[in-house]
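The block underneath contains the structure these notes are about, expressed in structure tokens.
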Amino acid sequence: MQGVPTIRTAGVAAMALLLSACAGGGDFRPVRDTPVRIGKPYTVRGATYVPAAAPAYDALGYASWYGSESGNQTANGEKFRPGWITAAHRTLPLPTYVEVTALDTGRRIIVRVNDRGPFAGGGRILDLSKGAAEELGIRAKGIAPVRVRRVEPSEKDRKRLREGKPASGLSPLPPRELQPLRARLSAGGR
């Protein structure tokens, strides 16, 4: 009968290991596209933000980046990973996919919005993860003029972004299309 306690102990250990693997080391939501969360109005530093569906979202402003919050929980419950191609926006549903264009260079990328922010002033409309800022080529600048517009990428690109990889490359916006966007931003247009 010596084998019975050993088998029982091994079974209990295996079950504990299995359950700990399911827990994932934290109370983070799995990275997925459903359910999409719009969220309730919220107030930060005296300003109230009202999340809303925005299928035609297209805005000009400035993007900054963040990355020291590694391992924290994003607003939609996922684990923040600075190297992934993600962003924070004040009101877009979570997650939302946006095309971000650097107005200085015309470089464009697709980003998965899974967090809330930015809450700093200066016309900032998007906080990029460190990985997204590097992919867009604006990390060294810290803050850069951008166009942010909502898009519906292919399932292949969505999957890549959910796995922390960049979406398929986009060709840069040509100067003839950048000029009017830069002029609109300079004139205070959004």
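Within the range 159-168, being surrounded by 15 or more Cβ atoms within 10 Å (Cβ to Cβ) and touching a Lys or Arg at 6+ places or on another chain (Cβ under 9 Å) holds for Leu161, Arg162, Gly164, Pro166, Ala167. Within the range 24-45, the presence of a residue that is under 23 Å from Arg150 (Cα atoms), at pLDDT 95 or above and touching a Gly at 6+ places or on another chain (Cβ under 8 Å) is excluded. Taken over the range 28-81, residues that are part of a loop (DSSP other than H, G, I, E, B) and either in contact (Cβ under 8 Å) with a residue 24 or more places away in the chain or under 23 Å from Ala132 (Cα atoms) (or both) amount to 32. Is it true that some residue in the range 83-96 is among the hydroxyl-bearing types (Ser, Thr, Tyr), buried (at least 21 other Cβ atoms within 10 Å of the Cβ), more than 10 Å from the chain's Cα centre (by Cα) and part of a strand (DSSP E or B)? No; the residues of the range 83-96 include none that is among the hydroxyl-bearing types (Ser, Thr, Tyr), buried (at least 21 other Cβ atoms within 10 Å of the Cβ), more than 10 Å from the chain's Cα centre (by Cα) and part of a strand (DSSP E or B).
The set of residues from the range 169-185 being loosely packed, with under 11 Cβ neighbours inside 10 Å and of a type in the set (Gly, Ala, Ser) comprises Ser171, Ala183.
The values are calculated or read from the model by the stated rules, or taken from the named source; none is laboratory data. All values reported here derive from a predicted model rather than from experimental measurement. With ideal geometry, Cβ positions are generated from the backbone for all residues, glycine too; neighbour counts draw on all protein chains shown.
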